[in-house]
Amino acid sequence: MLRARVRRWGVACVCTLVLLVAGCGKRQVEEGGAEEGIAPGASDKPTIYFIVKASESEFWQIVIDGGKTAAAELGVDLVPQAPVSESEFSKQIAIMESAIAARPAAIVLAPSASDPLVASIEQAHAADIPVVIIDSAANTDKIVSFLASDNRRIGELSADSMAAALTRRFGEAKGDIAALTFLSGAQSLDHRKEGFLERLRSTYPGIRVVDFKDAQGKSDTSTALVQNLLTAYPNLRGIYANNQPTGDGTVRALDMAGKKGLAVVVVDAGQQEQWGLENGLVDAMIVQKPWHMGYMGVEYALKAVKGEKLPAFIDTGIVAITPEMMASGAAEEFLDPVAWRRRQAPK
């Protein structure tokens, strides 16, 4: 039932986000100008642009839903925007520049990489538009706050989960493993990689990482990378994938190869990753709290608009999901937060 709800949620959000990104109707952003229908002074509500990394990801759809919920509750006119893929830096820069030209009250931004968006962030700062960063840091201090999971902690928890999975499957936290990152240079992913490797070195010296592949920001390459790893390292005991596209690709490759005996840890909660956890291909899924991140992004951007001083960093939290949590229903709060929140609402 949980997978069915997630699938319906994903389809609905894709449709919604396509309309937003395509700029249908009155939400269209004219290049170099203010957004049609929400020109400065045209509404009593403050306008906040909400720019995330990719429209193709379920993770970002959930982030956007959190932002939209906050906007509805707090009286904000929200303008969600995104390129199709996380690797489309130039498109995210263009979206950011259009947002600045529209003169919103604030901008919430999830930068795809730590350097490409710096000039745009500093341009917004110079125009007195507060910028709240979510998920991934940018190499500038011209922001009002940074809300994210602790990505080094994600890496550390992933290493702990890998050691536990190896012990469960092989009787010891030892052996050769391989890993995948989606895009080198994306600070959040780099920090996950660093945290993972540092924890292995300091705590689990018997676990050896024989290869750490880079999908180079291409969602369709992870399956082939894992297939190649399985061929190149026949004695491989485990695989770690540090975000949804690499996790989904890992599950697909293992399923195609009929391999259920490896210790596998993935990050995020894509449909393939959840299916892998339910069907014995994945041992642990390290999950952020994307809905809360989106909600808090808008909440704190509005605080900045009102002149409140914000903490420099706010940790939005993580949790390790196990097959036992999936079976008991305890995982739903983190995997399907929209449906879970609706059920918690007063009747």
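The table for this structure:
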item: Test for Ser114: is it small (Gly, Ala, Ser) and assigned to a loop (DSSP other than H, G, I, E, B); result: yes
item: In the stretch 285-321, residue surrounded by the most Cβ atoms within 10 Å (Cβ to Cβ) [restricted to those that are assigned to a strand (DSSP E or B) and among the aliphatic types (A, V, I, L, M)]; result: Met285
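A quick yes/no check of all residues on (1) of a type outside the set (D, E, K, R); (2) in contact (Cβ under 8 Å) with a residue 60 or more places away in the chain; (3) more than 16 Å from Gly294 (Cα to Cα); (4) not in a loop (DSSP other than H, G, I, E, B):
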{"site": "Ala71", "(1), (2), (3), (4)": "yes, yes, no, yes"}
{"site": "Gln92", "(1), (2), (3), (4)": "yes, no, yes, yes"}
{"site": "Asp141", "(1), (2), (3), (4)": "no, no, yes, no"}
{"site": "Met162", "(1), (2), (3), (4)": "yes, yes, yes, yes"}
{"site": "Arg169", "(1), (2), (3), (4)": "no, yes, yes, yes"}
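Read-outs: derived from the displayed coordinates by stated rules, not from any lab. Since the structure is predicted, the reported quantities are computational estimates derived from the model, not experimental observations. FYI the Cβ positions are ideal-geometry reconstructions off the backbone, even for glycines, and counts take in every protein chain you see.
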